[in-house]
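Report on one structure; see the data block that follows.
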Amino acid sequence: MFLTRRALGVAFSAGFSIVLAGPVAAQGQLTVYCSVQEEWCRPMMAAFEKETGIKVSMTRKSSGETYAQVKAESANPRGDVWWGGTGDPHMQAAEEGLTEEYKSPKLTELNDWAVRQWEGSKGRTVGIYSGALGFAYNTKLIAEKKLPEPKCWADLLDPKLKDEVQVADPNSSGTSYTMLATMVQIMGEQKAFEYLKALHKNINQYTKSGAAPAKATSLGETTVGIAFLHDHVMMIVDGAPMKAVAPCEGTGYEIGSMSIIKGAKNMDNAKKFYDWALTPAAQALAAPAKSFQVPSNKATPIPPQAPKLADIKLINFDFAKYGSSDERKRLLAKWDAEVKNLPK
Amino acid sequence: MTAITEAAGGSSRPRSAGEGRGKRRTGAESVRSGPLLLAAWIAYALLPWYWLDFQAPAGMAGYPLGPAGSGLALALSGKAWWLAPILIPLIVATVAWRTADPLRRNGLLVFAGALGLWAVLKQGFVVGLKGWNFAWVAALMGGPGPSQAGFGLGAGLLLLCFLLLMCQGLAGRGWCRGDAFIVSAVGIVVALILLFVFFPVSTILASAFQDNAGHLDFALFVAKITDQSIWGLDCVTGRLRCGVAWNTLFLGVLVGVATTALGLAFALIATRTDFRLKGALRILSILPIITPPFVIGLALILLFGRSGAVTAWLSEWFGIPRSRWIYGLPGIFLAQALAFTPIAYMVLVGVVQGIAPSLEEASQTLRASRWTTFRTVTLPLLRPGLANAFLLGFVESLADFGNPLVLGGNFEVLSTKIFFAVVGSATDQGRAAVLSLVLLAFTLLAFWAQQMWIGKKVYVTVGGKGDAGLPLPLPKRVAVACYATALPWALFTASVYVLILVGGFVRSLGRDYTITLDHYLSGFRIEQGAGGLVFSGGAWDSFFATLEVAAMAAPLTAVIGLLTGYLLTRQRFAGLRAFEFSTMLSFAIPGTVIGVSYILAFNVPPFELTGTALILVICFVFRNMPVGVRSAVATLSQIDKSLDEASLTLGARSWTTLRLVVLPLLRPAILATLVYSFVRAMTAVSAVIFLVSAKYNMATTYIVGRVEAGEFGIAIAYASVLIVVMLVAILGFDRLVGKRKLGRREAPPVTVAAGG
Amino acid sequence: MSKAPASVTFRNVSKRYGLVTAVDDVSFTIEPGTLVTLLGPSGCGKTTTLRLIAGLEMASEGEILIGGADVTRLSAADRDVSMVFQSYALFPHMSVIENVAYGPTVQGLPKARAREMAAEKIAVVGLAGLENRSPSELSGGQQQRVAVARALVLEPQVLLFDEPLSNLDAKLRRRVREDIRALQQDLNLTVAYVTHDQEEALAVSDRIIVMSNARIAQTGTPRELYEQPADLFVADFIGDANILDGVLEEERGDRGLVRLGSIQLELARRGAKKGPVKLAVRPDALAITTVANGRASVEGVIEHSSYLGRSLEYRVSSPLGELFVVDNGRAAVHAPGSKIQVGFSESGIVVLPN
């Protein structure tokens, strides 16, 4: 009894000490919300610490979660920089004034699409990488079923692929919303919805997460998965029997973005990080972390495995229009009403 | 808390034997407010009033003024003049202390306590981080107003002191049979629930009635809550899908029934048979509860998915076509049944043990067969346990988010809908709040139905007379039914876990079965560095943080949960039912909503807690408290109230009674609560996803990140490590808590014939 | 055993649960060193009254004094009162000695001293040698003694018993109640004792408080209650009584001439006025004979008879109504159907005050 009490006492006093450790102090520090995968976040932060001596506290969350958190914390912001993650939530945060305007001296070194993102958001967010939308098929399954290899969006409507295509639900996933917006831009709204309704017959599941179809394709749970090409490439690099396809009709893309949170407690350090993250040296850290997006700085070497943007027929994606919350709500409501609930 | 009330309530000094008796009886002195009053003055005059950053070097500079200044000093120096009115209740309390007339003194104490609470809270909410918090104050006082940080040690302690002073006063006026401990306990629990459940939850639920700009819009609320996507019944009439509310309800009932039945089967086998592998069975029944979310879903896919192991085998050997049946209702149901059966088991095992054998013997002497006895005596006596088990299973299913996320397919439930209403590509906090209200309504309904079903019958089976009866061996058909349900289920669980264990050691589960240690190394590498061992693996930080938080949350949850359960069953006070329901509230609200509501409520002064470990601990404590409450209620309703009363009349105060009489009899409930809260703190996802900070990242958010990135190997490896840690912890708790001694004999063996 | 026992006083005490009144404006005093029984049918408020003394319930109104000190708002733990529960309420997770030593232990006495005190009391109740048993290993009677020992160990000012004999067999009851009485007298304790069994109450009490419908019906010594019941309820509840209608024909000082059918009796008037009155006739005040016995007898027919060893009980139909008769003489057994005479003696007949 004595021993256990003592053990409890020790446990409690240890606990008390961490309870009392309050929010992190605001000197020589930086809090980053990181919305790419852990492997990429960690070396990024480590490299920045090494370079500047600024202590980085990093929290990894998906971009949707980070947006919700930044919004909820807006009365007393806890984060300084929000790095990575698909552009839509960044745009939305910019629209709502949750993020800070900043013009980095590095802006001139960036690709056009990255600068357009910056302009579209009135300087509140900037592109750091981009990735094209596409699909991938499981080569083993295609061979087993003796199906023709799909090359275009239109090929996915093949009745032989009934229940063999997987894509995320655009309500929960930015990836899938990008596809919805892409279709509307390629085909026009009416035709796009007709296409999606036809595709609905072949969809086996609308997943919650955008990258899930890539994983499902690699495991053979579905024959075709629609996601960002770099998600597919990651599986392929890992040895999955699949092939990624950039559709022949052209495709949309995401712009991974970065924003400084309004009211950041470490504003100077946040700007230092912002500038540094746009340098080729920082952006080159993506490839070793198995992230094969296209970096935004023109001088950054593009990893050999990355889907070459030059080989992909990219559409001129209108981020300002399709990133606005009104248009998004309208399209999603329409998709919900006209596509999602259709009988098969 | 206990120390204070004991000191306050008890001047029962040990007396020498010559004096003959120990109980004291000078009534007027039963409550001593001296030490409390002293603490209150210290809190106000000496301790740092505001939340301090202990890492900041300049912490104590300028004391007694400056950031670490005391309330009194800051008030008198004019730096925080709005703290000055707090002096008034303190002086009133001091006057009360010097008052001889008990009635007057207690009245003054109640007044001082209430006024003090009001004064401290009022200034905290009016003067915020950025000046006046309310437009009308700004209009009245002019200017942006002064600013202040969140409550610190001084303010917190002072609030507690005022609360306790008020409770003492109320006890002195005869509340709760004049028991200061009980009144204080009620006061503290109510205050905590108000602060950590009602305050945040009402903050977010208010947004159900607002449009996106924050204006009241009732029509919008009506439109949202009557939406076809929630209540549609198209699946009955046509081929379209049903509303998400019906899906959720249907799944919840299904899971509640299944987990209760399975839990009962396990509990009966564990307590009433001599099944040889009981130990293994117990571990198996506990395993799912200690499994981080996603992992069971993942394992099910790898077993039963279209290219899963079992599916492949069935297709090769029996030509059963591969299909995706696992995605949707069947998959979620299986995963939830796997995950929540242990909860039902833990509730029921205590209740089955608690049934007085003599009642069953009585039935048998009335010529009832074993089966009739089981049906007419044992089962009805199990009612509170069954009802509680069902309620927990149902509510857990409603709140579960990980499994529907992985296995949901096109079957939507409220929890995932709510999650994506907050973080999805069309964020709409109002919609999340509306859906949460629906979920809450279901829970309320289940709670009410449970109350109706248990009714007002008495289920006391642990009386004060001891019980010399022998537990009835199970009737054969019940035993057979138990084995027939529990054993295949156990086998199923076992295979899922073998898969999980293997998963950590192969390159890619489901595709490449090359054996590797890479997953463990990347997460848990330990290197020999210059200054000793270096924990260089990526998972260590979150692992240690998780352990710390869970180790703190578990005992606190047990204390608050069991105390609340004790108050609910053993005390009578106004608003008891409302109080009971409010304890269920945080459990019923989806984790995502709790997470966001905690940020909204605790990111700004006066209660500024985000970014600390404290907010994680608090979140866990109040989220998991209902399990403690339910198991305490279930167990206590079996224990004769006169045991407590006997202890009271022997001069033991409520606290002593609780410690010496109630707690030893509550051991199964304590164990269940400790284990559950520890495990939940280690495995919860949705609530903490917004509360984790760089410093306090939790294991599960790390795992979720891995799953999102498709790195199932590391996720499974990490999950296996957590499972082992939790198993060790559970065994540790088991040893620490010990067995309940009821002075009963063991059940005789029951043997089931091979054919039966 | 050196201390003086304390009195218990209720002054206009009421206890209400919402709309239900469990105890209604009750006042009484239990003198130090006496055993007082609270007697009444179930639901009359006697147990609530006992729990009010213990501090397990708080009075809604009125004052409660123990040993002259006001304890109305004092919690159970602070009152110098111990209680023996109907269910005994032995702690199932403690042995006999741990149960008995519980009181002194929680008072902070050293463990050895507490055990010493416990052992002493266990010996007093005659259970020496069973200290380390668990309660479930004891017989009902033994458990009851443990409960008594546990209540005694603190030598409380007041000891309370809540239906302590209800779980015991008939033979044991008689012994245990004698033991309780002996203990009370040896240790000079103030005892309040709740029972619904009038025989038990008559046997052990110094005084009895009869309760009915949350109020006190009558207080007095067993003899007073039996011989001078205040009303119909008490007359019927304490000892059996045949309640008969009579007419007071003539007031003679504090006595009166009462006509009961054909019989005329001179009885204590007890304040009754001329006119119809109720009479309580004790069964043993009636005598069955085969021949008429002058003016104080009526004719009757035996309806039913029970042989109880020590006595005979008859149910007799008569012009006065059905009569219940106990014959302690056992002269002869009258078979059902036989015609007999029932004789009335003036000693066992009481006029009930209006």
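Rule-based calculations on the coordinates, nothing more; no lab input. From a predicted model like this one, the values you see are computed outputs, not experimental measurements. Neighbour counts are summed over all protein chains in view; Cβ atoms, including those assigned to glycine, are modelled from backbone coordinates with ideal geometry.
What's the average, rounded to a whole number, of partner chain beta-carbon atoms within 10 Å of each residue's beta-carbon in A:54-65?
That average works out to 5.
If you rank B:His215, B:His519, C:His196 by fewest surrounding Cβ atoms within 10 Å, what's the result?
Ordered by Cβ neighbours within 10 Å, fewest first: B:His215, C:His196, B:His519.
Taking the alpha-carbon set of the protein assembly as shown, what are its Rg and Dmax in Å?
39.3, 139
In deg cm²/dmol and to the nearest 500, what is the mean residue ellipticity at 222 nm of the protein assembly as shown if only DSSP H runs of at least 4 residues count, each as -39500 (n - 2.57), divided by the residue total?
Roughly -15000 deg cm²/dmol at 222 nm, from the helical runs in the protein assembly as shown.
Within a 10 angstrom radius of each residue's Cβ in A:332-338, how many Cβ atoms of other chains show up on average? Whole number is fine.
1
Between the range A:38-105 and the range B:85-133, what is the C-alpha centre distance in whole Å?
44 Å
Placing +1 on the Cβ of each Lys and Arg and -1 on the Cβ of each Asp and Glu in the range C:8-232, which of C:Ser14, C:Leu52, C:Ala89 has its Cα farthest towards the positive end of the resulting dipole?
The residue sitting farthest along the positive end of the dipole is C:Ala89.
Could you derive backbone 3J(HN,Hα) for the range A:127-141 from the dihedral phi with the Karplus parameters 6.51, -1.76 and 1.60 (θ = phi - 60°), listing whole Hz in sequence and x where the residue is Gly or Pro?
Values per residue, Gly and Pro as x: x, 10, 7, 9, x, 8, 7, x, 9, 9, 10, 7, 4, 5, 5 Hz.
Would you give the gap between the C-alpha center of the range C:262-286 and the C-alpha center of the range C:292-354, rounded to a whole Å?
Using only Cα atoms, the two centres lie 17 Å from each other.
Which of these, C:Val291, C:Val125, C:Val13, has the largest mean-square fluctuation under a Gaussian network model of chain C (Cα springs below 10 Å)?
C:Val291
Kindly flag which residue pairs out of A:Lys160/A:Lys321; A:Lys146/A:Lys243; A:Lys140/A:Lys162 have an alpha-carbon separation exceeding 25 Å in this structure.
Exceeds cut-off: A:Lys160/A:Lys321.
Just tell me which aspartates and glutamates come within less than 17 Å, Cα to Cα, of C:Lys274; anything on the same chain fewer than 8 places away is out.
C:Asp245, C:Glu249, C:Glu250, C:Glu251, C:Asp254, C:Glu266
Pick from A:Gly210, A:Gly79, A:Gly239: which residue has the top mean-square fluctuation in a GNM of chain A where Cα pairs under 10 Å get a spring?
A:Gly239
Could you check what % of the DSSP bridge pairs in the protein assembly as shown are antiparallel, to the nearest 5?
Here the antiparallel bridges make up roughly 75 percent for the protein assembly as shown.
What average number of partner chain Cβ atoms lie no more than 10 Å from the Cβ of the residues making up B:300-310?
Mean shielding count: 3.
Given a Förster distance of 22 angstrom, what is the FRET efficiency for B:Leu277 paired with B:Val728, based on the Cβ-Cβ distance and rounded to 0.05?
The calculated FRET efficiency here is 0.55.
Near the amide H of A:Ser130, under 5 Å away, which other amide H atoms are found, from residues 5 or more places off or on another chain, if H is placed in the peptide plane?
A:Gly256, A:Val294
I'd like to compare C:235-242, A:61-68: which one has the highest average count of other Cβ atoms within 10 Å, and what's the full order after that?
Top to bottom by mean Cβ count within 10 Å: A:61-68, C:235-242.
What residue among C:Ala112, C:Ala192, C:Ala54 shows peak mean-square fluctuation when chain C is described by a Gaussian network model with Cα springs under 10 Å?
C:Ala112
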